[in-house]
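Chemist: Would you mind keeping the following structure in view while I ask a few things?
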Amino acid sequence: MTLYIDADACPVKAEAETVATRHKVPMILVANGGLRPPRNPLVTLQIVPDGPDVADMWIADRAGKGDVVITADIPLAAKCVAAGALVLRHDGSALTEANIGQQLAMRDLMSDLRAADPFRQGSGKGFTKADRSRFLDALERTLRQAGKTA
């Protein structure tokens, strides 16, 4: 079992490290750069070349059954779910076989709406303490679940 973090814009890296350390699960931060090398021996920093979706492809090529992936990227989540990995968003919500199709469709719809209305701006709601708390609880449960399936 490995915990993969799509790390470039991940707001819960420290929380994930805390939970992974408690469970003694290796964690890989995948990023294009700009992160400090971790001091924790269970945490590895994987720097990938700049480019569209390079970090996502690196994770998708490796994640599989028994692994856990933290990402907000829906296409990456879909690939990881298809490979058998358990996937969480930063707010703790799970992306699963049951909901990934709907999430992909919603992503495409929102992309089309933004393209049709160039004045449509906004990045959605902000990341809250409640989101952080839900993430910690969800990661704890997910790592236990992954340990049973690995």
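The values are calculated or read from the model by the stated rules, or taken from the named source; none is laboratory data. These figures come from a predicted structure and were not determined experimentally. Counting neighbours? That spans all protein chains shown, and the Cβs are built from the backbone with ideal geometry, glycine included. Note: areas computed on protein heavy atoms with side chains; ligands, DNA, RNA excluded. Shrake-Rupley method; radii C 1.70, N 1.55, O 1.52, S 1.80 Å.
Chemist: Report, to the nearest 10°, how far helix 100-116 tilts away from the longest principal axis of the Cα atoms in the chain, using its own Cα long axis and a range of 0 to 90°.
Modeler: 40 degrees
Chemist: Here is a further query. Could you check the spin-label model distance between residue 144 and residue 18? Points 7 Å from the Cα along Cα→Cβ, value in nm.
Modeler: Taking the simple label geometry, residue 144 and residue 18 are separated by 1.8 nm.
Chemist: Give the residue from 69, 83, 57 lying farthest towards the positive end of the charge dipole for the chain; charges sit on Cβ (+1 for Lys and Arg, -1 for Asp and Glu) and the dipole is referred to the Cα centre.
Modeler: 69
Chemist: Additional query: If we restrict to alpha carbons, what Rg and Dmax does the chain come to, in Å?
Modeler: Rg then Dmax for the chain, in Å: 15.4, 48.
Chemist: Over the chain, what is the relative contact order in percent, taking alpha-carbon pairs closer than 8 angstrom and at least six residues apart?
Modeler: 23 percent
Chemist: Students often get this wrong: which residues of the stretch 1-35 have the backbone nitrogen under 20 Å from the point 7 angstrom along Cα-to-C-beta of residue 50?
Modeler: Of the residues in the stretch 1-35, 7-10, 30-35 have backbone N under 20 Å from the label point off residue 50.
Chemist: Please build a GNM for the chain, connecting alpha carbons under 10 Å apart, and tell me which residue among 73, 61, 131 fluctuates the most.
Modeler: Comparing 73, 61, 131 in the GNM, the peak value goes to 61.
Chemist: Another question, if that's okay. Ignoring ligands, DNA and RNA, what percent of the 1.4 Å accessible area of the stretch 53-100 is carbon and sulfur?
Modeler: 52 percent
Chemist: Count the DSSP beta bridges whose two residues both fall in the chain, then state the antiparallel fraction as a percent rounded to the nearest 5.
Modeler: Antiparallel bridges: around 10 percent, rounded to the nearest 5.
Chemist: Across the stretch 77-88, in residue order, what do the Karplus-derived ³J(HN,Hα) couplings come to in whole Hz, using 6.51 cos²θ - 1.76 cosθ + 1.60 with θ = phi - 60° and x for Gly and Pro?
Modeler: With coefficients 6.51, -1.76 and 1.60, one gets 4, 4, 5, 5, 4, 4, 7, x, 6, 8, 10, 10 Hz.
Chemist: If you fit an axis through the alpha-carbon atoms of helix 129-149 and take the longest principal axis of the Cα set of the chain, what angle between them do you get, 0 to 90°, nearest 10?
Modeler: 60 degrees
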